[in-house]
Amino acid sequence: MSRVPHDWDESYEGRPPWDIGRPQPEFVTLAQQGFLRGRLLDAGCGTGEHTLLAAASGADALGVDVAVRAIEIARAKAAERGIQARFAVADALRLDELDGRFDTVIDSGLFHVFDDEDRPAYVASLERVVVPGGRCLLMCFSEHQPGDGGPRRVTQAELRAAFATGWEVRSIAPASFEVREGNRAQAWLAVLERH
């Protein structure tokens, strides 16, 4: 059974540091390159910026998050901006409960919240909903981020090991998250293809 490290709804009572009010630049670039397409799932979507980016780019986009408050904010953004995107409260460890299959999955900062026990469950959850040939576009904190504040760091080897079965690692490249106050955090950006 999954152990939630803290109350995610509580995180959205204020504005968490990962909520910069716009999509991460790395995902804007992916959208411009045509990667955000088809039936798209944004796993751990938070307040929906990447889901909205994908929908505006022509994808049939669904954003899911375990935090009810985040989904409420995402739905309000979609209505305010007039963007056709869907949002649902869902557990990323049980994505098959969505009763849908997806060509593309966005994971911006979700993978690194799972511990060693939950990572395989998350990858298995992704496998059940991504069509063969579909892709997961995953960005997580890397071990190159100094200090110990913020989420757990992930090595490139850990990413490769997590997706060693049922997936092809197309690329893992250094990237960075923008966080509030104009700061950046070192990350990996992985393109993973479902066998």
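At a probe radius of 1.4 angstrom, the accessible area of region 103-180 per residue rounds to 40 square angstrom. Taking every Cα-Cα distance in region 1-92 and sorting them into 10 Å bins starting at zero, the pair-distance distribution P(r) comes out as 18, 50, 27, 5 percent. Most tightly packed first, judged by the mean number of other beta-carbon atoms within 10 Å of their residues, the peptides 166-173, 187-194 read 187-194, 166-173.
Of the peptides 85-94, 107-116, 50-59, 12-21, how do they stack up when ordered by the mean number of other Cβ atoms within 10 Å, highest first? Don't skip to the end; give the middle numbers.
Values: 85-94: 18.4, 107-116: 20.1, 50-59: 23.5, 12-21: 14.7.
Descending packing order for the listed peptides: 50-59, 107-116, 85-94, 12-21.
Charges only on Cβ, +1 for Lys and Arg, -1 for Asp and Glu: so what's the dipole of region 110-187 about the Cα centre, in debye to the nearest 20? Walk me through the numbers on the way to the answer.
On the way: 9 positive and 11 negative charges, 61 e Å.
The dipole of region 110-187 has a size of about 300 debye.
Considering only Ala59, Phe141, Tyr12, and ranking their Cα positions along the charge dipole of the chain that arises from unit charges at the beta-carbon of Lys, Arg, Asp and Glu, the one farthest toward the positive end is Ala59.
Per the 1.4 Å probe, what fraction of the accessible area of region 45-115, in percent, lies on carbon and sulfur atoms? Walk me through the numbers before you get to the answer.
Numbers: 1330 of 2900 Å².
Summing carbon and sulfur atoms, their accessible area is 46 percent of the total for region 45-115.
Each Lys and Arg adds +1 at its Cβ and each Asp and Glu adds -1 at its Cβ; summed about the Cα centre, the chain shows a dipole of about 600 debye.
At 37 °C and a viscosity of 0.692 mPa s, what translational diffusion coefficient does Stokes-Einstein give for the chain, taking Rh as the Kirkwood radius over Cα pairs? Give it in µm²/s as a whole number.
Answer from the Stokes-Einstein relation: 198 µm²/s.
Seen from all sides and averaged, what is the projected area of the convex hull of the Cα atoms in region 56-143, in nm²?
Numbers: hull surface 26.1 nm².
That works out to 6.5 nm², a quarter of the Cα hull's surface.
The values are calculated or read from the model by the stated rules, or taken from the named source; none is laboratory data. Here the structure is a predicted model, which means the values were calculated and not measured. We place every Cβ from the backbone using ideal geometry, glycine too, and count neighbours over all the protein chains shown. Just the protein is used for accessible areas: all its heavy atoms, side chains included, with ligands, DNA and RNA removed. Shrake-Rupley method; radii C 1.70, N 1.55, O 1.52, S 1.80 Å.
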